[in-house]
């Protein structure tokens, strides 16, 4: 099988990640994210994720492209202010955010992907209630 060169990703083969589109409910915010064929999503029980039902996948910033809606995003921070929770000003959906654990990456809400039901995911519990003790296990997820 041949390989191809793709900017920012080096050499890719047939099993390489592909781009998926997604966004908020009203479609004012749209993005693309590059994901492998099968991947893990984090089901975090921190107060923010538990209350909003957010299940997300963390990717390097180089594998995320905001296509539209930057001016339609509202930001919420709390505690340390490191995490940048971004919500659509129109419909209120958080389709992605910058996580405290991976400020060099992007956490994409799994169900905000257009094809989320067709993706091969493994849901992995993450103990965000004990965030300080567990955050290091996420550090590799935002590295290329």
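Read-outs throughout are calculated quantities, based only on the coordinates presented, and are distinct from any laboratory measurement. Quantities reported herein were computed from a predicted structural model and do not represent experimental measurements. So basically every Cβ, Gly included, is an ideal-geometry build from the backbone, and we count neighbours across all protein chains shown.
The simple Förster model, with R0 at 35 Å and r as the Cβ-Cβ distance, assigns residue 18 and residue 51 a FRET efficiency of 0.65.
Between residue 76 and residue 134, the C-beta separation translates, for a Förster distance of 25 Å, into a calculated FRET efficiency of about 0.65. Classification of the stretch 81-144 by its C-alpha gyration tensor yields an oblate form. The axis ratio a/c (a ≥ b ≥ c) is 1.5 or more, and b/c is at least a/b.
From the helices alone, meaning DSSP H stretches of at least four residues, give me the mean residue ellipticity at 222 nm for the chain, per-run term -39500 (n - 2.57), in deg cm²/dmol to the nearest 500. Don't skip to the answer; put the middle values down first.
Values: 2 runs with 10 residues, N = 144.
Computed mean residue ellipticity for the chain: -1500 deg cm²/dmol.
Quick one: grab the alpha carbon gyration tensor of the stretch 10-76, order the square roots of its eigenvalues as a ≥ b ≥ c, and give me rounded if a/c is under 1.5, else prolate or oblate depending on whether a/b is larger than b/c. Note, shape of the stretch 10-76 comes out oblate. First check a/c for the stretch 35-107, with a ≥ b ≥ c the square roots of the eigenvalues of its C-alpha gyration tensor; if it is under 1.5, answer rounded, and if not, answer prolate when a/b is larger than b/c or oblate otherwise. In terms of gyration-tensor shape, rounded.
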